[in-house]
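Here the structure comes first, spelled out in structure tokens, and everything after it is commentary.
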Amino acid sequence: MKYDVDSINKRKKYANTVKKVLAVILVILIYNIILIFISAENDGIELFGYRAYVITSDSMEPAINNGDAIVVKNCEEEDLQTGDVITFEQNQEVITHRIQKIEEDQTTKEKTYITKGDNNNIEDSENIKYSAIIGKCILTIPYLGKIILVLENKLIILIIILIILIVFFFKIQKQEKLENRREKKKIEEEKR
């Protein structure tokens, strides 16, 4: 490994590029965490076609456990198939269950969806229309919902995340300074 000025500058450029990539990844991570916090409650806010919910029942075990967080994406009616896990509104509740059957009314050509929780013995009592469907479950994050429910103050959680990120960046900067000092010291020793 060279320790001249050009190689040091190249490593600094490389380190800056790595920092920028890490910053983009962290922004994406923070976006997802904020999405989950904002929409974790039943009347969640939609961000770019995605919503997040915390599962508060055992009806979908073992696929989705009580306390897991899920991310739901808007979907078109033709994208729904038997076996898909969907989130829908029924009797002013938000429910996440699996589609068991899809039936079509012969006169109106309107589809209805028969759903059931994986852990339930019987199908849901009401058939679901497409207008009640919020979206299709695309991601399950185990245990995150339990953490969210325990730490109900979302501001504190965001502050904790920001503190962790700040500490992480300070640690990277400290390592870079130490590395630069070592390189400069080696260059000075070589000149002697």
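The values are calculated or read from the model by the stated rules, or taken from the named source; none is laboratory data. This structure is a prediction, so every number in the text was calculated from the model and none was measured. All Cβ positions, glycine included, derive from the backbone under ideal geometry; neighbour counts span all protein chains shown.
Residue pairs, Cβ under 6 Å, 6 or more apart or interchain, first in the stretch 142-165 and β-branched (Val, Ile, Thr), second modelled with pLDDT of 75 or more and surrounded by 13 or more Cβ atoms within 10 Å (Cβ to Cβ). List them. Listed by first residue and then by second, the contacts come to 148/54. Looking across 1, 60, one residue alone is part of a loop (DSSP other than H, G, I, E, B) and modelled with pLDDT of 90 or more. It is 60.
Conditions tested, residue by residue: (1) modelled with pLDDT of 90 or more; (2) closer than 24 Å to residue 116 by Cβ.
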| position | (1), (2) |
| --- | --- |
| 31 | no, no |
| 36 | no, no |
| 43 | no, no |
| 50 | no, no |
| 53 | no, yes |
| 64 | yes, yes |
| 73 | yes, yes |
| 79 | yes, yes |
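Of everything in the stretch 90-113 that is in contact with a helix residue (DSSP H, G or I) (Cβ under 8 Å, 6 or more places away or on another chain) and surrounded by 16 or more Cβ atoms within 10 Å (Cβ to Cβ), the residue that is farthest from residue 56 (Cα to Cα) is 111. Answer yes or no as to whether residue 174 is among the basic types (Lys, Arg) and outside the structural domain of residue 59 (by TED's automatic domain parsing). For residue 174, the condition - among the basic types (Lys, Arg) and outside the structural domain of residue 59 (by TED's automatic domain parsing) - is met.
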